[in-house]
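The values are calculated or read from the model by the stated rules, or taken from the named source; none is laboratory data. These numbers were taken from a predicted model, which means no experiment stands behind them. Here Cβ is always computed from backbone atoms with ideal geometry, including for glycine, and neighbour counts include all displayed protein chains.
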Amino acid sequence: MDSSAPTAAPARPLGDAGLSVDAEGRFLHEGTAIVHPGLLAALWRGLGTGPDGGWVVRLGPEAARVEVDETPWVVRGVAVRGEPPAALDLLLTDGTVERLDPLTLQVGHDGLLRCRVKVGQPARFTRAGHLALGALLEEAPAGAGGWQITVGGRRFPVGVAQCP
């Protein structure tokens, strides 16, 4: 065996670095918002789930737990594609844009809109995202209760989220 061959660094146990993501989708360190664009980009790129299903940030060989308020994925804005809307693009907290799957759109018991992004991950709408999408919601037909949205010429019911 060649002793000069590089060896992989052993995995380090997950530490507590004081990182969290609040309900508005902001990365925090010990309660203070992280604002440095480069650091934020690295944190979002490194965000994933850990072995226990909780959220972690991986930066190279280092990994740290991240406390998350409901979900890290928060919709900050909505871009309408076409008139009438042929598609709706969601601006997410990590700076990415994803197409809304209207079949995943739900309203929670707290009155906030939610959907699925990032291959099935839950996302919550901020006030701004809620207002942008809310302008496109219509009351469901009389007696049906609830809401619907028309995208690509099709009407989709807005479901009711089980929680929160």
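Looking at this structure, is Thr71 more than 30 Å from Gly15 (Cα to Cα), outside any helix (DSSP H, G or I) and of a type in the set (S, T, N, Q)?
Working: more than 30 Å from Gly15 (Cα to Cα): no; outside any helix (DSSP H, G or I): yes; of a type in the set (S, T, N, Q): yes.
No.
Among residues of the range 108-120 that are more than 18 Å from Gly25 (Cβ to Cβ) and in the same structural domain as Gln148 (by TED's automatic domain parsing), none has a beta-carbon under 6 Å from a residue that is in a strand (DSSP E or B) and among the basic types (Lys, Arg) at least six positions away or on a different chain.
Filtering the range 56-70 to residues that are within 13 Å of the chain's Cα centre (by Cα) and either surrounded by 19 or more Cβ atoms within 10 Å (Cβ to Cβ) or at pLDDT below 95 (or both) leaves Asp69, Glu70. Among the conditions (1) modelled with pLDDT of 95 or more; (2) in contact with a helix residue (DSSP H, G or I) (Cβ under 9 Å, 6 or more places away or on another chain); (3) closer than 20 Å to Leu43 by Cα, Glu98 misses just one, which is (2).
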